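The values are calculated or read from the model by the stated rules, or taken from the named source; none is laboratory data. Remember, predicted model here, so these are calculated numbers, not experimental data. All Cβ positions, glycine included, derive from the backbone under ideal geometry; neighbour counts span all protein chains shown. Only protein heavy atoms, including side chains, enter the accessible area calculation; ligands, DNA and RNA are left aside. Shrake-Rupley method; radii C 1.70, N 1.55, O 1.52, S 1.80 Å.
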Amino acid sequence: MANTFTLIEAKTLGTTTASVTFSSIPATYTDLCLFISARDNDGGATGAFSTFEFNGSIAPSGRYIFGNGSAVSTNTVHKAPLENGGGSTANTFSNSSTYIPNYANTSYNKSYSVDGVVETNGTEAYQLLVAGLIATTSAITSIKVTPGTGSFVQYSTFYLYGIKNS
Amino acid sequence: MAAGSTYTPIATFTVSTAQASYTFSTISGSYTDLVLIINGGTTTNNQFRLNVGNGSVDTGANYGDTQIYGYSSTVGSGREVNSTNPYLGVASTTNSTRIIEFMNYANTTTYKTLLNKGGDLGQSQYDASVVVWRSTSAINTIQINTNAGNISSGTTLSLYGIAAA
């Protein structure tokens, strides 16, 4: 695999897990990209909104556009990808990517982009687009992902990649 | 977004002094798609815009774009036709991220389409858009500019090539 898109760590859950954390992220890349495919064990018929926490304590701010198949909305509440609900169609998991450019800089706040979906072939589906901001001038060294409700279930996957622009 | 050995850096540029535009020139046609990552902003509340071309930047009325956006509690959609400088989204002094994908950019048969997404919390807006360049020429020149003012110092623009095989 090219050094421009390198797998830092892959996490495939073997059991139900309350949250997933990537820690000690090396500062050797230019950007980070996090791919998540996840489902929770709560009874939601479609899905829920996960949350991010950076560097152990930093909750980001954000702006999103959200569509559920019949309506679209925007606000500042959701800042992280979706996970499928435990009551959604069996064996369906969410799909999302989160891109964090220049995550290791120590001069300015970090921004990121999220593109995520929950599609269950049911009566409702979710699509979420997020612009996020992490208010720290420190390098991003850890990312914690927590489900919006319940816990992440077995077979949820979390892949963190580092990208170099040279 | 594709991963693996096909994701190749082409060029990156960091704005050292605020400037009105930046142009990637003589882009190789050897990839299938291009991805451009913009991380930064503008010197005041503005919009990122773009032009593309073959050999030079096309500033003719040869572009169309359609946007969806969310601002405050409002969602909406806008559209430009016969544009000379299509919309890429809002920007401000707040650091923001924008991802632009140019599909099949080197073909000489069809008009070119790009997908764009990003948001700016300085203007509290998220937007996504599609832009068409009405030309069958290959894209080998991409210019990022603004509707007014400058691209901020410290903004990075990184261009990657993705090969399908």
Selection over the stretch A:121-136 where residues are open to solvent by less than 10 Å² (accessible area, probe 1.4 Å) and out of contact with any Gly (no Cβ under 8 Å at 6 or more places or on another chain) yields a count of 1
Checked B:Q143, B:Q67 against criteria (over 29 Å from A:T74 (Cβ atoms), in a strand (DSSP E or B) and in contact (Cβ under 8 Å) with a residue 40 or more places away in the chain); the one match is B:Q143
Exactly one of B:G149, B:G122 is small (G, A, S) and away from every other protein chain (no Cβ under 14 Å), and that one is B:G149
| said: So for the stretch B:48-62 (the condition being touching a Leu at 6+ places or on another chain (Cβ under 8 Å), closer than 22 Å to B:G149 by Cα, within 14 Å of chain A (Cβ to nearest Cβ) and open to solvent by less than 20 Å² (accessible area, probe 1.4 Å)), does at least one residue qualify? | reply: yes
Selection over the stretch A:97-106 where residues are open to solvent by 10 Å² or more (accessible area, probe 1.4 Å) and in a strand (DSSP E or B) yields a count of 1
When the stretch B:113-141 is checked residue by residue, the ones that are among the basic types (K, R) and surrounded by fewer than 18 Cβ atoms within 10 Å (Cβ to Cβ) are B:R134
* Test: residue in the stretch A:48-58 that is out of contact with any helix residue (DSSP H, G or I) (no Cβ under 7 Å at 6 or more places or on another chain), in contact (Cβ under 8 Å) with a residue 40 or more places away in the chain, of a type in the set (D, E) and within 14 Å of chain B (Cβ to nearest Cβ) -> no
Filtering the stretch A:110-146 for residues that are outside any strand (DSSP E or B) and under 16 Å from A:G56 (Cα atoms) leaves a count of 8
Taking the stretch A:13-36 and keeping residues within 18 Å of A:G162 (Cα to Cα) and either of a type in the set (S, T, N, Q) or within 14 Å of another protein chain (Cβ to nearest Cβ) (or both) leaves A:T21, A:S23, A:S24, A:T28, A:Y29, A:T30, A:D31, A:L32, A:C33, A:L34, A:F35, A:I36
Here the residues within the stretch B:91-101 that are among the β-branched types (V, I, T), open to solvent by less than 20 Å² (accessible area, probe 1.4 Å) and either in a loop (DSSP other than H, G, I, E, B) or at the interface with another protein chain (Cβ under 10 Å from one of its Cβ atoms) (or both) are B:T97, B:I99
Of the listed residues (B:N51, B:N39, B:N82), the one being closer than 30 Å to A:G67 by Cβ, in a strand (DSSP E or B) and in contact (Cβ under 8 Å) with a residue 60 or more places away in the chain is B:N39
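A quick yes/no check of all residues on (1) facing another protein chain (nearest Cβ under 9 Å); (2) surrounded by fewer than 24 Cβ atoms within 10 Å (Cβ to Cβ):
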| residue | (1), (2) |
| --- | --- |
| A:R63 | yes, no |
| A:V72 | yes, yes |
| A:N75 | yes, yes |
| A:N84 | no, no |
| A:A90 | no, yes |
| A:N95 | no, yes |
| A:Y108 | yes, yes |
| A:S111 | yes, no |
Flagged in the stretch A:139-161 as within 14 Å of chain B (Cβ to nearest Cβ) and exposed (fewer than 15 other Cβ atoms within 10 Å of the Cβ), in numbering order, are none
